[in-house]
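The values are calculated or read from the model by the stated rules, or taken from the named source; none is laboratory data. Worth saying up front: this structure is predicted, and the values here are computed from it rather than measured. Neighbour counts are summed over all protein chains in view; Cβ atoms, including those assigned to glycine, are modelled from backbone coordinates with ideal geometry.
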């Protein structure tokens, strides 16, 4: 601490040093004498407040004025106050820069003044901004390369760069060609034939990075059905319909009911029991006895089959003889003769087809016409299927019953009209018919536990 006190005395003795704080604070009383022959007592009894106050005063002067006040000139610290300048002098001193607002000059806001930096010391240098990763390694590599270049040694990397194939001038020109060059090749932006490797590479890059949009399927814009959302009922369904239109609607409803009745009758006929198929006493006895007779016949047939197999085995051994060389040559000659005959017949057929060109053309034309007719029929069927509900689930679409009123149920006005059907059911069936949702059935309530009936004692007491 002796060094600190010595520093303080030296600085305070300087003639140009000025203290911001009052002189009364610097004055202190007589110090207490303590034993300082141990390090523990140094930290306990040493007073360094005066040194810290001096250093803080120096830092304050550097922050506010940019340096010590003793080193500043008088012009930078003092100015001569001669009062407010006159209006004419003020106008002459102000530069003319366009039109300005009359009156007082605009002053900065208080918030802007608070945010302004009042320190005259520049901000410290950002060391991290100048740091580079592996700076020592890169510096060492560059120094080594300079030393090798001075000796005339070519490194392996430079050899590889020199051994590369030089770029052609045309390719370099095409890469660096300006857009405003009138002699450049014409590029059709809508052309489908001009596709380069670069374009395909860009498509692949966009697809891999997820920046390219997924191709929209063509069928995504197609409607599931051509039917309108709300179908207008026939004229006979009005509250006051025409006689003929009402009769036509009644006929249509009658045909629907007749079709349903025919399907029910057909199902009953298929499930009906035939009286001829019922079992009688005679048929029952015959079935019981039938198994015993079959077993005896099967045993006789097996014995006869075994005897025939033994005879075949004995005869087969006698017939299996080795073919002679003459027989093999004859078979080979016959086989070659048959192949030549088939080849000559095939060539003759090809020659005959030259004289049948007219009939062949006619048959080809007929086949093309039949194929075209089939395509038209298939397209017509496809167009017709667009207006029909498709099979979207396990259930089949069941059309809604026609909302028809009989002749005696017709009302003369809307007030007396009785409502038919349900709007909610009609919308639900419309969604099914337009293939927007699959046909559904109402979920059946299935009881998990059976009901248990208990007779209470209070019920027994009642007589």
Requested in this report: Look through the stretch 72-108, keep the residues that are modelled with pLDDT of 65 or more and surrounded by 10 or more Cβ atoms within 10 Å (Cβ to Cβ), and return whichever of them is farthest from the chain's Cα centre (by Cα).
Outcome: 85
Query raised in the report: For residue 44, are the conditions met, namely being loosely packed, with under 10 Cβ neighbours inside 10 Å, modelled with pLDDT of 70 or more and assigned to a helix (DSSP H, G or I)?
Result: no
Report summary line: How many residues of the stretch 211-248 are outside any loop (DSSP other than H, G, I, E, B) and out of contact with any helix residue (DSSP H, G or I) (no Cβ under 8 Å at 6 or more places or on another chain)? The answer is 6
**Report entry** Near pairs, Cβ below 9 angstrom, 6+ apart or cross-chain, from the stretch 117-142 (assigned to a helix (DSSP H, G or I)) to any residue that is at pLDDT 80 or above
**Finding:** 138/132
Query - Top-ranked residue in the stretch 385-411 [being within 26 Å of residue 234 (Cβ to Cβ) and under 35 Å from the mean Cα position of the chain (by Cα); ranked as surrounded by the fewest Cβ atoms within 10 Å (Cβ to Cβ)] - result: 396
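So that you can scan it fast, the table gives a plain yes or no per residue for (1) loosely packed, with under 13 Cβ neighbours inside 10 Å; (2) under 58 Å from the mean Cα position of the chain (by Cα); (3) within 22 Å of residue 237 (Cα to Cα):
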| site | (1), (2), (3) |
| --- | --- |
| 413 | yes, yes, yes |
| 433 | no, yes, yes |
| 445 | yes, yes, no |
| 452 | yes, yes, no |
**Report entry** Residue count for the stretch 383-441, restricted to those that are part of a helix (DSSP H, G or I) and out of contact with any helix residue (DSSP H, G or I) (no Cβ under 8 Å at 6 or more places or on another chain)
**Finding:** 17
